[in-house]
Amino acid sequence: MAAENSFDIVSKVDRQEVENALNMAVKEVRTRFDFKGTDASIKASGEAFEMEANGEERVKAILDVFQTMLVRRKIDLRALDAGEPRLSGKMWKITASITQGISSENAKKVAKLIRDEGPKGIRTQVQGEELRVFGKKRDDLQAVQQLVKGADLDFAVQFDNYR
């Protein structure tokens, strides 16, 4: 009998890369000419990121700069959960956070996708904030990876612990 192979579907973000992206965005906001005199800033406050400027368009531009830096650091933008611009006193603010882990409802969606469209003989198991996929053939597991990559999911996925 052949041993079962498996891998995990996870949604993780490298915190150090996020910090690097934040530092790059802070530097760009400080030095860009179109942000001069707008009191524009971006900073981390705990797990959230606060962006503020004196105009709605400026604060959206700060968010765009931050997203650009995340992409440069190879972080999937689906992991960034940014709120809508809001007026707070005289300043416009946007609060954003990085989401990690797969919720149980999203894990069930992925498991259903694999069960419905994936190769036969593949099993899934939800383990906390990740989804483990089992199968006898490695080719079937690679087909599942391609299926999940090609699916239009609203959260970032990576593959881990391939054995």
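The values are calculated or read from the model by the stated rules, or taken from the named source; none is laboratory data. Here the structure is a predicted model, which means the values were calculated and not measured. All Cβ positions, even for glycine, are placed from backbone atoms using ideal geometry, and neighbour counts span all protein chains on display.
Numerical summary
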| item | result |
| --- | --- |
| Listing of strands (runs of 3 or more DSSP E) fully contained in region 24-135 that carry 1 or more residues being outside the structural domain of Phe155 (by TED's automatic domain parsing) | 41-45, 48-53, 80-82, 86-88, 91-98 |
| Residue in region 16-32 that is surrounded by 13 or more Cβ atoms within 10 Å (Cβ to Cβ) and under 18 Å from Lys90 (Cβ atoms) present | no |
| Residue count for region 144-163, restricted to those that are touching a residue at least 60 places away in the same chain (Cβ under 8 Å) and within 16 Å of the chain's Cα centre (by Cα) | 9 |
| Restricting region 128-143 to residues that are over 20 Å from Glu105 (Cβ atoms) and touching a residue at least 60 places away in the same chain (Cβ under 8 Å), the residue that is surrounded by the fewest Cβ atoms within 10 Å (Cβ to Cβ) | Arg138 |
| Members of region 144-163 found to be part of a helix (DSSP H, G or I) and surrounded by fewer than 12 Cβ atoms within 10 Å (Cβ to Cβ), listed by number | Gln146, Lys149, Gly150 |
| Evaluation of Glu47 against (1) touching a Ser or Thr at 6+ places or on another chain (Cβ under 9 Å); (2) modelled with pLDDT of 90 or more (one fails), failing number | (2) |
